[in-house]
Structures are given as structure tokens and as C-alpha cells.
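Written out below as C-alpha cells is the structure these notes cover.
The values are calculated or read from the model by the stated rules, or taken from the named source; none is laboratory data. Everything numeric here is computed off the predicted structure, so don't read it as measured data. Here the Cβ is made from the backbone with ideal geometry for all residues, glycine too, and neighbour counts use every protein chain on show. With ligands, DNA and RNA removed, areas are computed over all heavy atoms of the protein, side chains included. Shrake-Rupley method; radii C 1.70, N 1.55, O 1.52, S 1.80 Å.
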Amino acid sequence: MAITPLMPVYPRCGVRPVRGEGCYLYGEDGTRYLDFASGIAVNALGHGHPKLVDAIARQAATLMHVSNLYGSPQGEHLAQRLVDSTFADTVFFTNSGAEAVECAIKTARRYHFANGNPQRHDLITFNNAFHGRTIGTISAANQDKLRNGFEPLLPGFKYAPFDDLDAALALVDEHTAGFLVEPIQGEGGVRPASEAFLKGLREAADSQGLLLVLDEVQCGYGRTGRFFAHELYGVMPDIMAVAKGIGGGFPLGACLATEEAAKGMIAGTHGSTYGGNPLAMAAGEAVLDVILEPGFLSHVEEMGRRLRGALEQMIPNHDGLFDHVRGHGLMLGIKLKSDSRAFVAHARDNHQLLLVAAGENVVRVLPPLVIDESHIAECVEKLSEAARVYVPAADD
Ligand SMILES: *Cc1c(COP(=O)(O)O)cnc(C)c1O
């Protein structure tokens, strides 16, 4: 037997973290890393945040799981807080981002079914999108690397180039249910949609009875300096998938919707064994307490402004390597002129700086939202040093 006990689907690197503290990770061998990857935009409060740790420990000792057969005071409370702070009227809790997107897709289809239009089942989605790894969510993304060998995909999705409003509108027909889009593509390369594009989708949805479904799994929950990225655009969704930061490291996701959009989601239509269990709700409450503390989101915005400024100042010193910086708040991407994966590996292995590669040769800079100026200075110092000694492989 040559296969590893852990199914070998990830090309894992040599860093083997065993402990985290604030914005730092410690490897098996004691090496300390500055964590500007945050578990891919998940550890919003950094590692070992006392409020999150304490909430999980206390809830674990009180009540961990009961199933959705019973009433959920914990779920009702967190859902109410999310409803009070967003466009939404109702929330379904999941354990992951893909499940949140699945629920969003099902909610959109069910809306048209409830309206007597079951033929309106297609979502228009966008090239380079990432919505998760289930059969439904790889069907929603138009990417060979996600789908190779997993066909047949599910029908019900049509693909347009990202940020191309005319192309998206040209795909609308009598089968269209709505649009599914990330306001800022994450895996695709930290690509913010333009305001005209998102506003245009919203207008088309309004005028043609379609739904605007946003995937804010990566860009939501404070990452951009707003609670949700769509606030930057002044565009409200009908349905929205959330995950990653919402649990701060505890597996938690949510599908939020307006009352109108969720009209088909009646008793018996959807479910999850674990979704919204008391332990997950305790984690979600603790994260939300911190994110909604007065001043927290403006701290993210301010840190994002400073980090971006520092990166933009550094780039001209290494203009053979770095092209430009993009993104919002603490969801930043540095576009490279060579392979971003190779540079991420170099920064990690030689400079103990953790970043994440993304599409289009972008290096994602996704620090915990609780960073201060010292972490920004340390990151930029490590990055400059990494860039100074870096020699891209000849075939890049
Ligand atoms: C990570 C991600 C997902 C999938 O989340 P999982 O928790 O891995 O299922 C979906 N959409 C976006 C935009 C993401 O970044």
C-alpha cells in the first residue's frame, strides 16, 4: 500500500503547525511563522483568542450537540443578531462554505418553484469563481481543475466572464433563476467586481424577477473593513453564503436570505445534522461579539489602508517581481510577474511568512483582522527581504 492514511488530495507543504498564538503559528520543530494566511481567511481573531476559546470550552462542557429535532435557543439568538445586522430576514446555519452555497442555490431554485416557475432553475455564474468542492459547487464554477474527472456535473449553471455585465445579461433566458457571484473573487486572484457590474446585476434582477445570490464566504465577515463586502458597493443581495471568518476557526457557515427569497424554504425542504449546533453557535456568538464591537471594523479598514500603503511603497523596489496590489481592507492580493506559488513557498520556507497563492499569479495577504502596526511592519520587512533574495525559477 503506497497511499497515505490521509487521503493525498492536498499538496501539503513542510510547515506542520502544532500551536498558534495571536498572529503567529508554531511548527512541530518550534519554528515561529507570521501568519498572514489565517487558515485562508478563517482565523479572523487570530489564534487562541481568549473570548473564542472560552466560549467554546464553556459550551462544550454545557451542551455540544442535540440535532435539529429540538428547539434551538442558541441558533435563534445568533440568527436574530445576524438578521439585525444585515439585509437578511432569515438564516440557515451550515458547517462549511460549500454547504452555505448549496443552501443558497437551493433557496434560489425553491423561490421560483414557490412562485410557480419551476423552469427558472439556472444560475448565471462567473469564470474563475470558487464556490466549494461539492458536486453542486464545482458545477457552479467554470474551472477545469475543479471538475476534471468528476463529471458529469449538475445542470443548471451558465458561465459568463467575471465583471462582464453585458455577457451575463446576454445569458438570461426563461430558465434563469438569478446570478451567483463573489463580490471579490478570492481563489480567483483577489479580483474585486466593479461597482457598475454588481449594480447592473442588481438592476437586472429587480427588473426581471431574478435573484442576486452573493458568495461572501471569503470576502465577508469583516475582512474588507465592512461587515460584508456588498456594503462597499451599495448593493444588497437576496441570498448570501457566508462561512470562513464567521466561526473564527470553528467549522461554521450560514446562508442568509430575505423573507421573499426564502419563501420556498418551508419545513422539511432542507436540513443538516450538525448545522447550527450549540457548540458552533457559541463560537459564532463569540466571533460576532468581537466583530461588532464598536471600532473593530474601522480598525480593519485602517490596518488595511496601512498595509496596502506599505505594500505599495515596497513594490517599486522589486518591480521585476511585483506588479500591483489589489483588494479591500485586509483582503489584499499582490499580483506577481512570475509564479505566485513559488514565491509563497519561498517566503514561507526562508522567511517564516505565511501567505496564500491564488489565481492569476496573485499572492493573497490575509492577516488575522486583529493585527496591529507591528505585524504590518514585520510582514513588509519579511516580504522585502524575501523579494530581495528571490530568484524566480527559469521556466516561470
Ligand atoms: C472557501 C470558499 C468556499 C468554500 O468553503 P468551504 O468551507 O471550503 O466549503 C466557497 N466560496 C468561497 C468564495 C470561498 O472562498
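Residues checked against (1) away from the ligand (no atom under 16 Å from the Cβ); (2) open to solvent by less than 20 Å² (accessible area, probe 1.4 Å); (3) modelled with pLDDT of 95 or more; (4) part of a helix (DSSP H, G or I):
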{"residue": "Asp29", "(1), (2), (3), (4)": "yes, no, yes, no"}
{"residue": "Ile56", "(1), (2), (3), (4)": "yes, no, yes, yes"}
{"residue": "Ala61", "(1), (2), (3), (4)": "yes, no, yes, yes"}
{"residue": "His77", "(1), (2), (3), (4)": "yes, no, yes, yes"}
{"residue": "Leu82", "(1), (2), (3), (4)": "yes, yes, yes, yes"}
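Condition first: surrounded by fewer than 20 Cβ atoms within 10 Å (Cβ to Cβ) and either within 17 Å of Ile239 (Cβ to Cβ) or among the basic types (Lys, Arg) (or both). Now tell me which residues in segment 206-220 satisfy that.
Just the residues of segment 206-220 that are surrounded by fewer than 20 Cβ atoms within 10 Å (Cβ to Cβ), to begin with: 206-209.
Hits for segment 206-220 are Asp206, Gln208, Gly209.
Going residue by residue through segment 13-20, is there one that turns out to be in a helix (DSSP H, G or I) and in contact (Cβ under 8 Å) with a residue 60 or more places away in the chain? Let's see the steps before the verdict.
Of all residues in segment 13-20, those in a helix (DSSP H, G or I) come to none.
No.
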Are any residues in segment 132-153 within 15 Å of the ligand (Cβ to nearest atom), surrounded by fewer than 24 Cβ atoms within 10 Å (Cβ to Cβ) and part of a loop (DSSP other than H, G, I, E, B), and if so, which ones? Gly132, Arg133, Thr134, Asn142, Gln143
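Can you tell me which residue in segment 109-131 is nearest to the ligand (Cβ to nearest atom), limited to those that are open to solvent by less than 10 Å² (accessible area, probe 1.4 Å) and within 17 Å of Tyr159 (Cα to Cα)? First the steps, then the outcome.
From segment 109-131, those open to solvent by less than 10 Å² (accessible area, probe 1.4 Å) are 112, 123-126, 129, 131; that's our starting set.
Filter once more, so that each one left must be within 17 Å of Tyr159 (Cα to Cα): 123-126, 129, 131.
Working: Leu123: 14, Ile124: 16, Thr125: 11, Phe126: 11, Ala129: 8, His131: 5 Å.
My answer is His131.
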Determine whether Asp29 is in contact (Cβ under 8 Å) with a residue 60 or more places away in the chain and among the acidic types (Asp, Glu). no
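Determine whether segment 87-97 contains at least one residue that is more than 16 Å from the ligand (Cβ to nearest atom), open to solvent by less than 20 Å² (accessible area, probe 1.4 Å) and in a loop (DSSP other than H, G, I, E, B). Talk me through it step by step, then tell me what you get.
To start, the set of residues in segment 87-97 that are more than 16 Å from the ligand (Cβ to nearest atom) comprises 87-91.
Applying the additional criterion that residues be open to solvent by less than 20 Å² (accessible area, probe 1.4 Å) yields 88.
Restricting the remaining residues to those that are in a loop (DSSP other than H, G, I, E, B) gives 88.
Yes, the conditions are met somewhere in segment 87-97.
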In segment 271-305, what count of residues is obtained for those that are open to solvent by 60 Å² or more (accessible area, probe 1.4 Å) and over 22 Å from the mean Cα position of the chain (by Cα)? 2
